[in-house]
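Data first, discussion second: the structure below is written as structure tokens.
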Amino acid sequence: MEGILFPKGVVEGREGLKEYQARGGYEALAKALKGSPEEVIQVVSDAGLRGHGGAGFPTGKKWQFTREAPEQPRYLVMNGGEDEPGSRKDRVLLENLPHLVIEGAVLGAFAIGAGKAYLYINAKYETAIKSINDALSEAKAAGYWGEKILGSNYDLDFEIIAAPHNYVAGEDTAVLEVIEGRKPQPRQKPPFPVTVGLFGKPTSVNNVETLANVPRIMLKGADWYRGFGTKDCPGTMLFSLNETEDVNTPGIYELPFGTPMRHLIENCGGGMKDGKKIKAIMPASPSSAYLPADKIDTPLDPNAMRDAGSMLGCGVVHIVREGDSIVDELVRITEFFAAESCAQCPACQMETKSLAMLMKRVQQKQGNQAMLDQFGKLLAFNKGKGFCNLIAMPGPPIESALKLFPADFQALLPNA
Amino acid sequence: MPVSQSCLVCQNIDCKSRGSEQLAAELQQKIAAKGLTDVDVKPYMCFGACQEGPNVVIYPEKNWYAHVKSEDLDDIVAHLAGAPHVQRLDTIDSSLKELIYQLLDTGVF
Ligand SMILES: Cc1cc2nc3c(=O)[nH]c(=O)nc-3n(C[C@H](O)[C@H](O)[C@H](O)COP(=O)(O)O)c2cc1C
Ligand code: SF4
Ligand code: FES
């Protein structure tokens, strides 16, 4: 099926400059430079492109806010921090389609009027960093960035930043802290980066996949883009089907928003290994609610997922097999968040550590009903008390599991 | 003698940086010096009140002392030995207290 990012399906193998040019590469940039930055923002807004980094904020709006912020200079930051367990969609783009990503970043920088763009990439992704570095050299030699891009009056400089590999280092304000030379700790918001961002200046932080969508939107138009996906959520998304032993062909798949989840699991993933049955599905691992197996036909679309009681996030679809213990899963998840909390908000420290400790007790058959009741209380008490959203992330998995699989917990209570 | 009260001293990054490890050790010494064999001192991960730390929670009695400094320890030990509780160190919001006491009541610690 034709995709937006990968026209012939997700292929591994790096696309060089010549190959990219042969399929219209950098033509969108040439086109954009002949018009105004506002026109780029307009096309991206008309297309309905939303951020692919998890929160789904409309990209055109983010660029408009940044462009309209009074302070100068302005910055573009590409967020390739990606350190979510099971996610490697950004890595696949950075490694294989570096020029698509770079063209998207130049277009974004032009749209907001940035003279400098930072490419923030997980330091573990050595191949990706090399791929982008090489592509930057090729693109600069061809006049696609630097001074007077393609003969226009627009100048842009790039810098690659190796991102520390912890989860919170991908949060947009933690990204800004790292670029400024500090520890990856989120800032209190507001102010938001679009007004007070990098070095205190207006900054648009955009996910890798978000930027990679821009060149083809610019080239082929908003209506073409709206031919993919649903009315409320046009376009496609890269889904990561968990890399464990669950499905026959795990991997990264580009699908239009609104595709039934069953298609991803059965057609793309080749169904469950060894004929195992599905117990539950977590559409946005590790921080979304579980859906029961009978919700497998839910469309992969943020609104449909919300209506079903979960969320789409950045599309790391995780499957729990019949017979797997949900409590074992939750021990892993709560320990992950306890370890990844950056420790600056007392509420987050207390909450994430307490949840992990309680879950471990339950798993070790040292729990009781009163402990099970504490999960909801801890989550409710600490709601909104952190600088970033990590504090809320353990909530949906735990609360949905308690609701969907109470027997899994009860079976572990000593007097059961 | 069986332990009748535990002094839980929070030891997460924040309160450690304010000397909570040293504080716990001193408290232990003072308790021993006073001959209180039924009281022990235990580390606790975090009570969610780091800005008001170091914190010492006496459990199961449920007294919470915040902003504890070395100079406060004699009063706390006196309280453990029977004197009234140390009002000036009792500054924590009651809803947080309730949450933490409930958590401790589950027997998790
Ligand atoms: C704990 C945490 C981790 C995050 N990690 C990433 C990440 O690795 N990559 C990313 O693009 N966004 C991440 N985000 C979301 C960013 O804060 C931000 O919303 C995003 O980069 C914006 O780009 P978009 O508008 O293109 O989606 C994270 C958010 C939180 C709270
Ligand atoms: S909520 Fe947690 S992870 Fe986020 S800034 Fe606060 S302590 Fe750090
Ligand atoms: S470490 Fe003392 S309350 Fe958090």
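If I ask for residues that are in contact with a helix residue (DSSP H, G or I) (Cβ under 6 Å, 6 or more places away or on another chain), in a helix (DSSP H, G or I) and of a type outside the set (Phe, Trp, Tyr), which ones from region A:137-168 would you list?
Hits for region A:137-168 are A:Glu138, A:Ala139, A:Leu150, A:Val168.
In region B:66-109, which residue that is in a loop (DSSP other than H, G, I, E, B) and of a type in the set (Val, Ile, Thr) is nearest to the other protein chains (Cβ to nearest Cβ)?
Looking at the filtered set, the residue picked out is B:Thr106.
Among the numbered conditions (1) surrounded by fewer than 20 Cβ atoms within 10 Å (Cβ to Cβ); (2) touching a Pro at 6+ places or on another chain (Cβ under 9 Å); (3) within 11 Å of chain A (Cβ to nearest Cβ), tell me where B:Ser6 comes up short.
The single condition B:Ser6 does not satisfy is (3).
What tally of residues in region B:9-65 results from selecting those that are within 14 Å of another protein chain (Cβ to nearest Cβ) and outside any loop (DSSP other than H, G, I, E, B)?
15
I'd like the full set of residues that are part of a helix (DSSP H, G or I) and either of a type in the set (S, T, N, Q) or closer than 9 Å to A:Gly386 by Cβ (or both), limited to region A:339-364.
Once the filter is applied, which keeps residues that are part of a helix (DSSP H, G or I) and either of a type in the set (S, T, N, Q) or closer than 9 Å to A:Gly386 by Cβ (or both), region A:339-364 yields A:Ala347, A:Cys348, A:Gln349, A:Glu351, A:Thr352, A:Ser354, A:Gln363.
Six or more apart or on different chains, Cβ atoms under 7 Å: show the pairs whose first residue is in region A:28-53 and acidic (Asp, Glu) and whose second is assigned to a helix (DSSP H, G or I).
A:Asp46/A:Ala222
In region A:286-308, which residues are assigned to a loop (DSSP other than H, G, I, E, B) and over 21 Å from A:Gly56 (Cα atoms)?
If the condition is that a residue be assigned to a loop (DSSP other than H, G, I, E, B) and over 21 Å from A:Gly56 (Cα atoms), then A:Ile296, A:Asp297 are the ones that fit.
Just to be sure before I move on: is A:Val196 in the same structural domain as A:Gly115 (by TED's automatic domain parsing), more than 15 Å from the chain's Cα centre (by Cα) and closer than 25 Å to A:Arg88 by Cα in the structure I sent?
No: the conditions fail for A:Val196.
Of the conditions (1) within 11 Å of chain B (Cβ to nearest Cβ); (2) part of a helix (DSSP H, G or I), A:Gly367 satisfies every one except a single condition; which number is it?
That leaves (2) as the condition not met.
I'd like the full set of residues that are among the hydrophobic types (A, V, I, L, M, F, W, C) and without any contact (Cβ under 8 Å) to a residue 12 or more places away in the chain, limited to region B:79-97.
Within region B:79-97, just B:Ala83 meets the criteria.
The values are calculated or read from the model by the stated rules, or taken from the named source; none is laboratory data. Keep in mind that this is a model prediction, so the values were computed, not measured. Here the Cβ is made from the backbone with ideal geometry for all residues, glycine too, and neighbour counts use every protein chain on show.
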